[in-house]
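Here's the structure, in structure tokens; my notes come after.
The values are calculated or read from the model by the stated rules, or taken from the named source; none is laboratory data. Since this is a predicted model, take the numbers as computed values, not measurements. Cβ sites come from the backbone with ideal geometry, for glycine too, and all protein chains shown count toward neighbours. SASA here: full protein model, heavy atoms, side chains in, ligands and nucleic acids out. Shrake-Rupley method; radii C 1.70, N 1.55, O 1.52, S 1.80 Å.
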Amino acid sequence: MISQFNTSSRLQELTGRVKRCCCRYCGSPLELKRITFSHFEDSRIEIFCTKCGRIEYGAEPEVYLSAKYFVEHFDFNWYTYLDDNAQTKQMTIAKICDILTWQNQQLGFQDQDGFKVPVNMKEELQGQSMTISDEELNQFTAEE
């Protein structure tokens, strides 16, 4: 059974994810690591976050940044029954990454190989707002 986890197609998929994805919990780069699961030296290659110390499948960086922004700026906590601390925040960001990834896949924007459409995310514009006066608004609506 372990041999199915070490096939060349799986290793190719994992290598691709390590190159383009980041940890869903902390946003750190990922690496491939051989993990031993028993006393019989059965092992398999997994994606691993050395900062968190977790086996991690990862998320596209744009998805992670969006999830992190959402959690931090809207003070969102998925795990309201847990203490509000750094670990709960990381878990919430990871959950939002899962939700955003699911949505992107359902809409056809993303698949197991990443985004299928060009992403033009400007991180510095996230959370920016614009103030429009009543006069400017009236001028804009009159043009339509």
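Report the calculated FRET efficiency for residue 75 and residue 12 (r = Cβ-Cβ distance, R0 = 41 Å), to the nearest 0.05.
Efficiency computed from Cβ-Cβ geometry: 0.55.
Calculate, for residue 19 and residue 136, the FRET efficiency according to 1/(1 + (r/R0)^6) with r their C-beta to C-beta distance and R0 30 Å; round to the nearest 0.05.
Computed FRET efficiency for residue 19 and residue 136 comes out at 0.10.
What is the log10 of I(q)/I(0) for the stretch 13-91, computed with the Debye formula using one identical point scatterer on each Cα and no solvent, at q = 0.14, 0.21, 0.23 Å⁻¹?
-0.54, -0.93, -1.02
Heavy atoms only, 1.4 Å probe, whole protein assembly: order 64, 69 by accessible area, highest first.
69, 64
With r as the distance between the Cβ atoms of residue 55 and residue 112 and R0 = 25 Å, compute the FRET efficiency 1/(1 + (r/R0)^6) and round to 0.05.
Rounded to the nearest 0.05, the efficiency is 0.90.
Among 83-92, 109-118, how do they line up from the highest to the lowest mean number of other beta-carbon atoms within 10 Å?
83-92, 109-118
Check cross-link reach from residue 68 to the lysines: straight Cα distance under 21 Å, and skip same-chain residues fewer than eight apart.
Result set, ordered by chain and number: 19, 51, 89, 95, 122.
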